[in-house]
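Asks: First, the structure itself, so that you have it in front of you.
The values are calculated or read from the model by the stated rules, or taken from the named source; none is laboratory data. Worth saying up front: this structure is predicted, and the values here are computed from it rather than measured. Heads up, the Cβs are rebuilt from the backbone with ideal geometry, glycines too, and the neighbour counts pull from every protein chain shown.
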Amino acid sequence: MIIDIVTIFPEMFSPVLGESIIKRSQDKGLVKIKVHDLRRFSDDPHKKVDSPSYGGGGMVFKVQPLFTAAEKILGEDIFSRKKTGHKSRIILFSPKGRILKQKNIRKYFKYERLLLLAPRYEGVDERVRKYLADEEISIGDYVLSGGELPTMVFVDTLVRLVPGVVSDKESIKNESFEKPLLDFPHYTKPAEYMGMKVPLVLVSGNHKAIADWRKQKSIEITQKRRPDLLKG
Ligand code: SAM
């Protein structure tokens with residue numbers, strides 16, 4: 001899978017993409033991530049990519065740099081790609097988008113290439129949303145200063161699910177939202193610290209009893225904290 005990110009702050013991505021699981025996924029050749037500076041695609045002599053909102057207000061990302069970036073990066077004609085059952089998906093990050101959920105992440109595996117647009121300021125000219133983006137994603141009901149963090153959140157959530165990226169497949173299966181339940185509590189050594197003890201069952205060596213305990217705890221925690229996940 002190839003992931004292209006379009007941003008005006010490419011340097012913000014290096015610390016996240018160059019560490020840990022995301023780095024390993026690229027080293028193993030499972031994912032290729034490219035970060036593009038939007039300014040490079042601007043026709044403006046000063047490489048400007050934004051302009052004031054018509055009617056008043058803050059700055060808005062202009063149509064031209066984003067359309068040119070998408071066309072050059074994907075190598076596709078933007079107006080015909082929607083008709084031809086394309087293998088790429090253009091995603092725009094916005095608080096107005098559909099909320100990102102774990103249960104929807106794997107659907108992106110069917111695309112060979114994802115183009116992620118990370119705006120700033122007031123967001124993008126509406127024509128980008130209407131005619132360029134295939135979908136708009138929000139990472140929650142709050143407003144951040146830019147699309148860089150939502151893009152990184154999306155990439156991290158996606159990449160760790162790519163088969164082969166996380167070596168312990170079992171740990172993914174038990175994670176919060178996978179069943180859909182919240183994860184059970186975890187403990188590690190020592191078995192007792194300042195009088196605080198690990199539940200006996202976890203040090204019993206009885207695998208069936210441990211599995212039952214974990215399942216029970218997952219259900220209890222989900223019922224208490226996120227009963228909405230159990231509906232249906
Ligand atoms: N004027 C926009 C509004 O009220 O909906 C907010 C713009 S915000 C300051 C700038 C950019 O940050 C957005 O265009 C979007 O790319 C990103 N952003 C902020 N909050 C976000 C969220 N919850 N989910 C996804 N993207 C977000």
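Asks: Take the residues in the range 24-42 that are in contact with a helix residue (DSSP H, G or I) (Cβ under 7 Å, 6 or more places away or on another chain) and not small (Gly, Ala, Ser), then tell me which one is surrounded by the most Cβ atoms within 10 Å (Cβ to Cβ).
Replies: Among those that are in contact with a helix residue (DSSP H, G or I) (Cβ under 7 Å, 6 or more places away or on another chain) and not small (Gly, Ala, Ser), it is Leu38.
Asks: When residues of the range 37-69 are filtered for being within 16 Å of the ligand (Cβ to nearest atom) and in a loop (DSSP other than H, G, I, E, B), how many remain?
Replies: 8
Asks: Still on this structure, please answer the following. Please work out if Lys34 is outside any strand (DSSP E or B) and either touching a residue at least 24 places away in the same chain (Cβ under 8 Å) or among the charged types (D, E, K, R) (or both).
Replies: It is false that Lys34 is outside any strand (DSSP E or B) and either touching a residue at least 24 places away in the same chain (Cβ under 8 Å) or among the charged types (D, E, K, R) (or both).
Asks: Something else now. Taking the condition loosely packed, with under 12 Cβ neighbours inside 10 Å, modelled with pLDDT of 95 or more and within 12 Å of the ligand (Cβ to nearest atom), does Ile99 pass?
Replies: Against the criterion (loosely packed, with under 12 Cβ neighbours inside 10 Å, modelled with pLDDT of 95 or more and within 12 Å of the ligand (Cβ to nearest atom)), Ile99 qualifies.
This table checks each residue for (1) within 28 Å of the chain's Cα centre (by Cα); (2) modelled with pLDDT of 95 or more.
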site: Pro190; (1), (2): no, yes
site: Gly195; (1), (2): no, yes
site: Leu200; (1), (2): no, yes
site: Lys208; (1), (2): no, yes
site: Ser218; (1), (2): yes, yes
site: Gln223; (1), (2): yes, yes
site: Arg226; (1), (2): yes, yes
site: Leu230; (1), (2): yes, no
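Asks: Right, next: Identify the single condition in (1) within 13 Å of the ligand (Cβ to nearest atom); (2) surrounded by fewer than 18 Cβ atoms within 10 Å (Cβ to Cβ); (3) part of a helix (DSSP H, G or I) that Ser80 does not satisfy, given that it satisfies every other one.
Replies: All conditions pass for Ser80, except number (1).
Asks: Based on this model, can you work out whether Lys72 counts as out of contact with any Cys (no Cβ under 7 Å at 6 or more places or on another chain), outside any loop (DSSP other than H, G, I, E, B) and among the basic types (Lys, Arg)?
Replies: yes
Asks: Which of (1) touching a strand residue (DSSP E or B) at 6+ places or on another chain (Cβ under 9 Å); (2) over 19 Å from Arg39 (Cα atoms); (3) buried (at least 17 other Cβ atoms within 10 Å of the Cβ) is the odd one out, the single condition Val162 does not satisfy?
Replies: Condition (1) is where Val162 drops out.
Asks: Could you go through the range 135-145 and let me know if any residue there is exposed (fewer than 13 other Cβ atoms within 10 Å of the Cβ), at pLDDT 95 or above, under 23 Å from Thr222 (Cα atoms) and of a type in the set (A, V, I, L, M, F, W, C).
Replies: no
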